[in-house]
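Enquirer: Sharing a structure below in structure tokens format, with a few things to ask.
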Amino acid sequence: MAAGSYNFTLEQGTTFSREITVQESGSAMSLTGYTGRMQMRSTHNSSTIALTFTVAVSNAAQGKLQVTATATQTSAVEEGMYVYDLEIESGGGTITRLMEGNVTVTPEVTR
């Protein structure tokens, strides 16, 4: 399965929360035994992580992942353009990239 491409905007100083349903052959993929991870960096080659999102399997049978970052975490990210990817890992160690793309961080005015 090739990773999907999805670009999004992250607003500085706000709580980020998205539910993602993983599908395989048109049906929800069972995520029993899987863990997820997602990081954002300024470039693909950067050794510095701009933000590590929390990724939790919220409903394994329905293939649902919950991706979150707190308002404190998003406040710490500087305005600009970043790259990210979202991966899952099976209990047996197989890693699959689900999504990748660009993140535009917009500045917070109200503090």
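Bear in mind these aren't lab numbers, they're just calculated from the coordinates by the rules spelled out. Here the structure is a predicted model, which is why all the values come from computation and not from measurement. Glycine gets a Cβ as well: all are built from the backbone with ideal geometry, and neighbour counts include every protein chain shown.
Enquirer: Could you give the nm distance between label points at Ile95 and Thr110, where each point is 7 Å from its Cα heading toward the beta carbon?
Expert: 4.0 nm
Enquirer: Of the peptides 55-65, 14-24, how do they stack up when ordered by the mean number of other Cβ atoms within 10 Å, highest first?
Expert: Those peptides, ordered most packed to least, come out 55-65, 14-24.
Enquirer: Can you give me the distance in nm between label points at Ala28 and Ala60, each placed 7 Å from the Cα along the Cα-to-Cβ direction?
Expert: Distance between the two pseudo-spin positions: 1.4 nm.
Enquirer: Next up: Please list, in order along the stretch 60-73, the HN-Hα scalar couplings obtained from phi with the Karplus expression 6.51 cos²θ - 1.76 cosθ + 1.60 (θ = phi - 60°), rounded to whole Hz, x for Gly and Pro.
Expert: Rounded to whole hertz, the list is 4, 5, 9, x, 9, 10, 10, 10, 9, 8, 7, 4, 5, 5.
Enquirer: Take the alpha carbon atoms of the stretch 86-111, find their center, do the same for the stretch 1-80, and report the distance between the two centers in whole angstrom.
Expert: 4 Å
Enquirer: Please figure out what share of the DSSP beta bridges in the chain is antiparallel and state it in percent, rounded to the nearest 5.
Expert: Antiparallel: roughly 85 percent of the beta bridges in the chain.
Enquirer: Run the numbers for Phe8 and Asn102: contour at 0.36 nm per residue of separation, minus the present Cα-Cα distance, in nm.
Expert: 33.2 nm
Enquirer: Rg (Å, one decimal) plus Dmax (Å, integer) for the alpha carbons of the stretch 4-106?
Expert: Radius of gyration, then largest Cα-Cα span, for the stretch 4-106: 13.8, 39 Å.
Enquirer: What are the ³J(HN,Hα) values, in whole Hz, obtained from phi via the Karplus relation 6.51 cos²θ - 1.76 cosθ + 1.60 with θ = phi - 60°, for each residue of the stretch 5-18 in sequence order, with x given for Gly and Pro?
Expert: 9, 8, 9, 8, 9, 10, 8, 3, x, 10, 7, 9, 8, 9
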